[in-house]
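Report on the structure given below.
The values are calculated or read from the model by the stated rules, or taken from the named source; none is laboratory data. Small disclaimer: the values here were computed from a predicted structure and weren't measured. Quick reminder, even Gly has a Cβ in these numbers, built from the backbone with ideal geometry, and neighbours come from all protein chains shown.
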Amino acid sequence: MNIRIIIDGEVSTATLEDNAAARDFAALLPLDLTLKDYHGIEKVSPLPAKLSTRGTPDGIDPDVGDITLYAPWGNLAIFYRDFGYSRGLVRLGRITSGLERLQRQDSFSARIERAD
């Protein structure tokens, strides 16, 4: 499934994985979130519902552009810088265009919606 992340009227695109967590995330869309910077590595936001982690690995080494769930906190985390392996991370998808819109140090509002 393809999604859009709209920030200040500009659109970034992403593709979701085919796993239980990503399907649960897609079921929540559209979402209006405030993305906050976390340690100059990722943007994070709480989600309004818990996502299933059934069938997912214990953790991942996220790549730049990965959209993830940090299961222990139940929040969305979008990586705009490299980071090492972390237990509890579940890959939801990947940014396919417009990653530069997320590489700001401030917090901002974003709308995430289905693109198909």
Quiz item: Can you tell which of D18, D63 is of a type in the set (D, E, K, R), surrounded by fewer than 15 Cβ atoms within 10 Å (Cβ to Cβ) and in contact (Cβ under 8 Å) with a residue 24 or more places away in the chain?
Solution: D63
Quiz item: Quick one: is V11 aliphatic (A, V, I, L, M) and outside any loop (DSSP other than H, G, I, E, B)?
Solution: yes
Quiz prompt | region 35-45: number of residues that are farther than 15 Å from G88 by Cβ, under 12 Å from the mean Cα position of the chain (by Cα) and of a type outside the set (D, E, K, R) | solution = 2
Quiz prompt | Matching residues, region 27-45, being more than 19 Å from I3 (Cβ to Cβ) and part of a strand (DSSP E or B) | solution = K36, D37, Y38
Exercise. Might you check whether a residue that is modelled with pLDDT of 95 or more and of a type in the set (D, E) occurs anywhere in region 24-35?
Key: yes
Quiz item: How many residues does region 79-96 hold that are surrounded by 13 or more Cβ atoms within 10 Å (Cβ to Cβ) and touching a residue at least 40 places away in the same chain (Cβ under 8 Å)?
Solution: 8
Quiz prompt | Residues located in region 97-112, provided they are farther than 12 Å from F25 by Cβ, out of contact with any Gly (no Cβ under 8 Å at 6 or more places or on another chain) and either touching a residue at least 40 places away in the same chain (Cβ under 8 Å) or aromatic (F, W, Y) (or both) | solution = S97, G98, R101, L102, R104, D106, S107, F108, S109, A110, R111
